[in-house]
Each structure stands twice: as structure tokens, then as C-alpha cells.
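Since the structure comes first, as C-alpha cells, the remarks are kept for the end.
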Amino acid sequence: MNEMNAVALILAGGASPKLSVLTDVRTEAAIPFGGKYRIIDFVLSNCVNSDIYNVAVLTQYRPRSLNEHIGAGRPWDLDRTTGGIHLLQPYLKRPGEAIRWQKGTADAVRFHLDFLEEQKEDLVLILGGDHVYKMDYRALLQFHVDTRADVTIAVHSVPHYEAYRYGIVVTDEEGQITHFQEKPKRPESTLASMGIYVFNRSFLVDWLSGPGKRQKDFGREVIPALVEAGKRLFAYPFFGYWTDIGTVQAYWEANMGLLGEIPPLNMDDPEWVIHTRSEERPPVLLGENAVIEGSLLCDGAQVEGTVIRSVISPGVRIAPGAVVRDSVVLTDAEIRAGAVLDKVIVDKEAVIGEEARVGMDDEQNAANRELPTVLNTGLTLIGKKARVPAGAVLGRNVVVRPYTSERRFHSKEVPSGSTIGVRP
């Protein structure tokens, strides 16, 4: 197939209080997911599987982990001399200029209009880097051309009670957008914007440098203004699996969803491979007394304890007598002998000490005191490289910040709703 006549811009996201420790050390797009993947792997794979090979990733917040993961783009066949992968950061445009950061999705694109003006493609595909889904963008782009739209927005139906979390689209019978509500208290429909936009390249450049030159965000400002101005905006309905990893609860649920007998997201589809940067690691090693039930285990994991309904990432070590239940354990974490985890997210290289109990309080509704609206369902979070002392007992809705050492635990009894450590 021929490459599509589109350049893709991936907005890599930033920090989010609703993702707590997961974005304390990295941008949203770089969060590990599903064992060996990063969230951005899905949108990058969608691009190359859709024959889009000119891709730019717009970064700002803590980009090092993301940049290292993407590298030259080889796992996605994006290490090319023409097109390929571009990592774009904010920069000073002239000597002596005051430092100015990108202040929203539209502002991030405006920062790089010079890049867009240099591209030969007629269409610009703007994508979020923090969603998990599989989509053939070719159908979306063809829809945009066929409707002669100025802008096309991919939409997904959501439950009415969740509509307040999204930009909501109202359309006429032909699918043209007549009204756009950004995170409304009283939504007029259940068609949620997926944060996926197709623009005619010249139209986008002209708008962001002209009438919309002060607009910072696509959802809050650009799209409503374009509807008000009478431009041709159309909604493209998408019916496949899609989830916005916008909260720790959504992240945990999406990982747990992979463990179903028929998971809603097929990660083993030879027709639509999810590519990633894989490390050379040995096969999974199961000890003589290991017990595994309904779990996902990745290369390099060493399990001598019990794992039940959990996602175990590469290089994780689970010692004899340890029990990991309903949890997500990220790369190279260590669960030592006799430790028990129940409904816990353990970030990379964290250590859970011998005989520690994490997530042991029956009081699931004792919300985290610092993040009461985010962490209130019983999840406990252990940040990157944190160390939980041997014998410690942590309740539910507890947060242990990244790099927290054992001496930060003034007591081995950590009640539900507590936060240990400081933000890095």
C-alpha cells in the first residue's frame, strides 16, 4: 500500500494529578501498560499499521523516559531518512527571548507550525499519546476527504454518567457537528471526542496563526470557535475498544481487562501488531512452588510465589511465599519473601520488603487524604524505586512516592488514605 497523505502529530501529554505517582517521574505517554508496552506504543503502531510514516511526537514534561523508549523509531519502522519519527520540544525562537512553555494542545501545535509548513502532506492527523486503542486511520482520513470537511473529530459513545469527563459532540443527521461541549455538567449527547482530529494542513496553519492565534486548547477553545464560525466539522464514529488512561482507576481497570478469557483488547492480533521497544530478556522462570492463576507474565520475570489475576512486567522478581493479587507490577520490581499485595500498582524497580502487607485494610472507602477524588476505590500505589520496609503494613488508597526510602516510614503501620514521601 502507498503511504497515506498525512503527517501525524502525537501530543505526548504531561503530568496528571489523577495519575498520581505514575506521572511523577514520566509523561503520560511513557507509562508502562500491559506488561511490556508503553501507552504511546498503541498510537505509534496505529500510525505505521495505517501506512503513516511521517510522525512527530510533541513533548514537554519529563520527556527523557519517552525519548529513550522511542529512540530512532526502529521498532515501528520509523527510522527513515524521509519522514520517520521526529521528537519536537519547545525551544527559544530568538536570542534573549523569555522562556515560554506550551500551555495547551493547540499551543503545542502552534509552537511547531514551522515544522508543519515544511511538510508535503495535505492532511494533519492530531493524536493523543495517552489512549489505548487500535484504529485504522486510513478510514478516518478517507471519511475526512469524502465529506470535504475542514476538521474531522473521531468520536466514541460513552455512558451518560461518564460524559462529563469528555468533550461532547452534538451532530445533525449527516454527522456535521453543530455544537461542542467541553466536559459539560449537563451533556447534550453521549458522543465523546477521542482527542483525534484531522485538519487540512493549510487550514490548521492559517487558523492557529490567524483567528485562533490566542487559543491554547483544541477542546476548550479551537473546536468550539470553529463550530461558531460555521466551519465544516464532522464526527467520525469509532466502534472499537478505546480507553482514556486518565486516572489510576482507569489504568488499573484497563490492565485487569487484559486478563479476561476474551479480553476487549486483542493484543495477539497478527493483522494489527502492537510494536514496542523490547529488551533482550530470558524466558519467564517459574519456581517449583510457584502458583499462577489468570495472570499475564512477561519475559525475564522470576516467580517463586503466588500470582493471582495480575499483570507482571519484564524482570519482576516474586520470592517464595509472596502473594500478588489483583495487582499491576512494573518492570524490575521486587516482591520479597512472604510479602502480600492486594490491589496494588507497583512502579518500576520498587522493592516490597519481606513479610510486608500492602493493601490489607478492609476499609476500601477510606479515600486518600491528598487525592480524595482520585484514590478512593481501594488501590494502593507504590512509586518508582520506592522501598517498603520489611514487615510494614499498608492500608488501602495509600500512596508511596517515587524514590521513598525505608527511613521515611516513621511507623510500620500505615493507615488507609496516607501518603508517604515527597514528590520528586
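The values are calculated or read from the model by the stated rules, or taken from the named source; none is laboratory data. Only a predicted model underlies this, so the values are computations on that prediction, with no experimental measurement involved. Positions of Cβ are generated from backbone atoms using ideal geometry, with glycine treated the same way; all protein chains shown enter the neighbour counts.
Below are the figures for this structure:
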| quantity | calculated |
| --- | --- |
| Members of the range 64-105 that are in contact with a Lys or Arg (Cβ under 6 Å, 6 or more places away or on another chain) and closer than 19 Å to Leu9 by Cβ | His69, Lys103, Gly104 |
| Selection from the range 205-253 of residues that are aliphatic (A, V, I, L, M), closer than 29 Å to Ser20 by Cβ and surrounded by fewer than 21 Cβ atoms within 10 Å (Cβ to Cβ) | Ala250 |
| First in the range 48-65 and in the same structural domain as Thr27 (by TED's automatic domain parsing), second anywhere and part of a helix (DSSP H, G or I) and of a type in the set (A, V, I, L, M, F, W, C), Cβ under 6 Å, 6 or more apart | Val48/Trp76; Val55/Cys47; Leu58/Ala108; Ser65/Ala30 |
| Verdict on Arg325 being surrounded by 19 or more Cβ atoms within 10 Å (Cβ to Cβ) and basic (Lys, Arg) | no |
| Criterion: of a type in the set (Ser, Thr, Tyr), crowded, with 22+ Cβ neighbours inside 10 Å and under 30 Å from Leu265 (Cβ atoms) - qualifying residue of Thr147, Thr152 | Thr152 |
| Test: residue in the range 354-375 that is buried (at least 24 other Cβ atoms within 10 Å of the Cβ), among the β-branched types (Val, Ile, Thr) and more than 26 Å from Ser278 (Cβ to Cβ) | yes |
| Output for the range 396-411, where each listed residue is small (Gly, Ala, Ser) and modelled with pLDDT of 95 or more | Ser405 |
| Any chance Arg94 is more than 21 Å from the chain's Cα centre (by Cα), part of a loop (DSSP other than H, G, I, E, B) and in the same structural domain as Val205 (by TED's automatic domain parsing) | yes |
| Among the residues listed as Trp242, Trp252, Trp272, the single one being over 30 Å from Gly378 (Cβ atoms) and in contact (Cβ under 8 Å) with a residue 12 or more places away in the chain | Trp272 |
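So that you can scan it fast, the table gives a plain yes or no per residue for (1) assigned to a helix (DSSP H, G or I); (2) of a type outside the set (Gly, Ala, Ser); (3) under 10 Å from the mean Cα position of the chain (by Cα):
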residue	(1), (2), (3)
Leu9	no, yes, no
Val21	yes, yes, no
Asp41	yes, yes, yes
Leu44	yes, yes, no
Cys47	yes, yes, no
Val57	no, yes, no
